[in-house]
Amino acid sequence: MTGSYTWHTDALDVTLSWDKGSPIRLTSLACHGTLLLDLPGTVLPGHASVPLVEVNLLGEGHRANQTRGLGRTECGARLRHESVQESRAEGTHSLRVVQRDRERGLRVETILRSVCSAPAVQSRTTVTNEGGATVVVEALTAACVPVMAADDPILVHGTSAWTAENRWQERRLFADGLLAVDDTAVLPKPQATTVHAVGTSTWTTDGSLPSALLRESGSGRCLMWQVEAGGLPWRWEIEHASACPDVLAVRGSGPTTADHAWDAVLAPGESVDSAPVSWAWSGVGLDDAVATMTRHRRALRAASGIPHESGAPAVIFNDYMNTLDGNPTTEALEPLIDAAAQVGAEVFCIDAGWYDDFGDWWSGVGEWRPATVRFGRKNGFQELLDRIRGRGMVPGIWLEPESIGVRSPRANSFPEDAFLSRHGVPVVENGRHVLDFRCGAVRDHLDSVVDRLVGMGVGMLKLDQNVVPGIGSDRRGVLPGTGLAGSVYAYREWLMGVRRRHPGLLVENCGSGALRQDAGQCLLVDLQSTSDQPSALLYPTIAACAPLLLPPEMCGNWAYPQPGMEEGELLTTLVTGLAGRLYLSGHIDRMSGPERDRVARAVRVFMQSREWLLRAVPFWPLGLPRWTDPVVALGLTDGVSTRISLWSRAAEPREVQLPLPPGTDTDAVSLLEPAHGPVLGLGVSGDGLTASLPSGPVAGLIHLGIPLGS
């Protein structure tokens, strides 16, 4: 049976096609009436088509001997159309696509969701075993999206490491790694090469990033995607099929057997879900594609049902970065609390070490009871929390729920199945066990910890994860990656239970800085730390690129002003904080009055703009910055007002041109400036601004349009 179905969302026209001898595939896509993809079924020979779903089963594998990734699976090729049905509910437009593998008795259901008026969708696939025998799934894609590649495509992708997050780069696919090997005139079957990225363990953004973008160098057509791993390993890949040289296949998945020692053993009646993957299209370039994905991310959060932070983002002061560094005491905290309140902070977070009386906060985690020696007396910690509230701020606490120190007294009270283990040996990393959230004793313990802290007046949790368990745990007789997935699913359920039980609780996600900032994990929280980078001069590139992964209001950028700091460095760290969600630290208690006034002014600027930040989308006037670029710029705009964060690390004075979005009002003002004269010389130049920058580190925040806060 041959057929097709066109799904109309507010911004997209998506056509799926099928016939008697092939699976359903995406063959046409238009964005706001502009055709971005047109692949009639006759164009693609069967062996080069891009099935909507790929399912790799143990005992079958792939249809080509050179395939190493997600594509060309035997099961994916056997899938046949059963039904396509759309529905609308509460602002969400969904398309349910059902296919069957009749040979193995599998029902494969793919859901495409459009949650806003932007040209973006989220995809997810569920495989259900309706046959009579057990099957083992080794890999499962959320969807496979074809891209026309007649114009030499450019891959925009990123990598992260501790204190060096969000380093993005561009590469031309056909000149650097992706090519058609040969055609069927020489080879018996068409071959292909792939470009891929893989995330490992629970630090989902350590190394390659789960989001990337393909753009055509001439037309500006773009496809952006994100694997919403939710704390699990993941894979995305781009395949070039030689039998159809103008078509690329883009695929995304969660963990796989080959990459992560994961599988899903499905007895009759059992199911497995893929990781969700979101896709955003644009016909005009990278900035528009990222803006589309930003709107989609916000809509996913709104539709999640999770009780996120209500209202505008609160100003947080955290005592860790370049300040107490895990050594909080009553003597150190009291003046910091008072100073944070004076500059306008609304939340004061006590970071690591608050539970430790032995001078080693690292390996003693796990009991989560306030130290006594550090805080002078039995109720000293409670008195600090009361002091925070008495100064008009919400108390926050650092917590690392997934780890327990090897010397923590609590570790000996847990049952054996409380720890991730392999070959019966508990996993230990840097003096810590990693907890298995499938164990009821673990969840009960952490529930009691959170409930006790909330009862003490804590209104914010900074959830960190500083060690990872490698490939996972083989306890319960499963592959290590499968055990890891089970624990991660249970952790997410635990965290959602915390949020439902305490809906007013502010929750931050941190993973050794930003090594776990995938979109699925960030859906559960209110903000994400963007780095642990202690250098104010290295942080700008991280802050400028953070909105490629997160909505700007979730990007917790540290600003850590210090007494006696040079003017240029002070401006640099404050502008970094204001480039996203201001996340304040530093010894402001030791500052002079004028220095503290500068910090208070930055807080006021953030407060004036935080409502606006909730609707602003990013753009990059100078292109995506590289790690060592002398000048870095990030723009944010809501279509009426525009703000540019500009940092210079150049040794010599220079002048830069800053293109602006069409229609921008070029009545510009600098919201931050030094105490003695302007930092930036600004002028209108054609369709943008000209900024004159002095030598040495300097930064400025430029605003155009209606004044913020008016």
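The values are calculated or read from the model by the stated rules, or taken from the named source; none is laboratory data. Small disclaimer: the values here were computed from a predicted structure and weren't measured. For neighbour counting, all protein chains shown are included, and Cβ atoms are generated from backbone atoms with ideal geometry for every residue, glycine included. In case anyone asks, the SASA skips ligands and DNA or RNA and just uses the protein heavy atoms, side chains included. Shrake-Rupley method; radii C 1.70, N 1.55, O 1.52, S 1.80 Å.
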Between helix 330-343 and the chain: long-axis angle, C-alpha atoms, 0 to 90°, nearest 10: 80
Run the accessible area of the chain with a 1.4 Å probe and give the carbon-and-sulfur part as a rounded percent. 51
Rh (Kirkwood; distinct C-alpha pairs) - the stretch 280-354, Å: 15.7
With axes computed from alpha carbons, what is the tilt in degrees of helix 593-613 against the longest principal axis of the chain, rounded to the nearest 10 within 0 to 90? 30
A student applying the Cα gyration tensor rule (rounded when a/c is under 1.5; otherwise prolate if a/b is larger than b/c, oblate if not) would label the stretch 375-515 prolate
Per 10 angstrom bin, beginning at 0 and ending with the bin that holds the maximum distance, the Cα pairs of the stretch 469-537 fall in percents of 18, 37, 31, 12, 1
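Once you compute Rg and the Kirkwood Rh from C-alpha atoms, what is the Rg to Rh ratio for the chain? Provide the component values of the computation, followed by the final result.
Working: Rg = 26.1 Å, Rh = 26.6 Å.
Rg/Rh for the chain comes to 0.98.
Using Cα pairs under 8 angstrom and six or more residues apart, how large is the relative contact order of the chain, in percent? Intermediate values should be presented prior to the final figure.
Values: 1800 pairs, mean separation 73.7, N = 710.
Reported relative contact order: 10 percent.
Go ahead and estimate [θ] at 222 nm for the chain from helices alone: -39,500 (n - 2.57) per DSSP H run with n ≥ 4, summed, over the residue count, rounded to 500.
On the way: 11 runs with 134 residues, N = 710.
Estimated from H runs of four or more residues: -6000 deg cm²/dmol.
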Along each principal axis of its Cα atoms, how long is the stretch 505-662 end to end? Whole angstroms, biggest number first, please. 41, 40, 30
Per-residue HN-Hα couplings for the stretch 649-662, Karplus 6.51 cos²θ - 1.76 cosθ + 1.60 at θ = phi - 60°, whole Hz, x for Gly and Pro? 10, 7, 6, 10, x, 7, 10, 10, 9, 10, x, 10, x, x
Arrange the peptides 288-294, 2-8 so that the one whose residues have, on average, the most other Cβ atoms within 10 Å appears first. 288-294, 2-8
What are the residues whose amide H is under 5 Å from the amide H of Cys349, where those residues sit 5 or more places off or on another chain and H is modelled from the backbone? Phe317, Asn318, Asp319, Gly396
How much length, in nm to one decimal, is gained on full extension between Asn379 and Arg501, taken as 0.36 nm per residue of separation minus their Cα-Cα distance? 41.3 nm
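Mind running the shape call on the stretch 271-421? Use the C-alpha gyration tensor, a ≥ b ≥ c as the square roots of the eigenvalues: rounded below 1.5 for a/c, prolate if a/b tops b/c, oblate otherwise. Don't skip to the end; give the middle numbers.
On the way: a/c = 2.71, a/b = 1.41, b/c = 1.92.
Judged from the Cα gyration tensor, the stretch 271-421 comes out oblate (a/c at least 1.5, b/c at or above a/b).
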With everything on Cα atoms, drop me the angle between helix 440-455 and the longest principal axis of the chain, reported from 0 to 90° to the nearest 10. 40
